[in-house]
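Input: a single structure, listed below in structure tokens.
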């Protein structure tokens, strides 16, 4: 599984499909869009980040150097940031998962952030809007272990906990399904329509006067 938030901020999505994706914050000298091949590469790597470039090249019908060059460019733009392990916490013994909302006693308590970073059962934490300005996800092996984690957090702020009963949508990347390009991409990022082939042109019916 690829690391989350691959795309950052995306703008200018085409309503007719995702034949190309226009990006913000491009690297100087690089095109400001991703074409269908880029999306296909990301989609394949999202399913299995360990796939060799040779396999991707055969699947996408391009050369292996092309795949390597595209991946290098995606990394240079900061779109592809790396890969990470996707673990089954329950099989590791962490059968309880919960969201903990924290309201710090002081504004942006640095002690709280430092304490949370030292608790391995807290696998992610976010600063959010609202009175409970910090939300953390916790995985533990027992109710007693959850109580111990909450006790360490309680030194720095009030907390409320919601135990996860079921995961309806697991963590995923917002990678749209690539579609065939309907236009050719020019060097400046604009498009030009392709001319239909002779066999695709509508036949003209001759009429007699």
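Derivation of every value follows stated rules applied to the coordinates shown; laboratory data play no part. This one's a predicted model, so the numbers in the text were calculated from it and none came from an experiment. So basically every Cβ, Gly included, is an ideal-geometry build from the backbone, and we count neighbours across all protein chains shown.
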Checklist entry - Starting at 0 and stepping by 5 Å, how many percent of the alpha carbon pairs of region 127-168 end up in each bin? => result 5, 18, 28, 26, 16, 8, 0
Checklist entry - Name the residues of region 65-89 whose amide N is less than 20 Å from a point 7 angstrom out from the Cα of residue 53 along the C-beta direction? => result 65-84
Checklist entry - How far apart, in nm, are the 7 Å Cα→Cβ label points at residue 85 and residue 131? => result 4.0
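Calculate, in nm to one decimal, what residue 142 and residue 73 gain on full extension: separation in residues at 0.36 nm each, minus their alpha carbon distance.
20.4 nm
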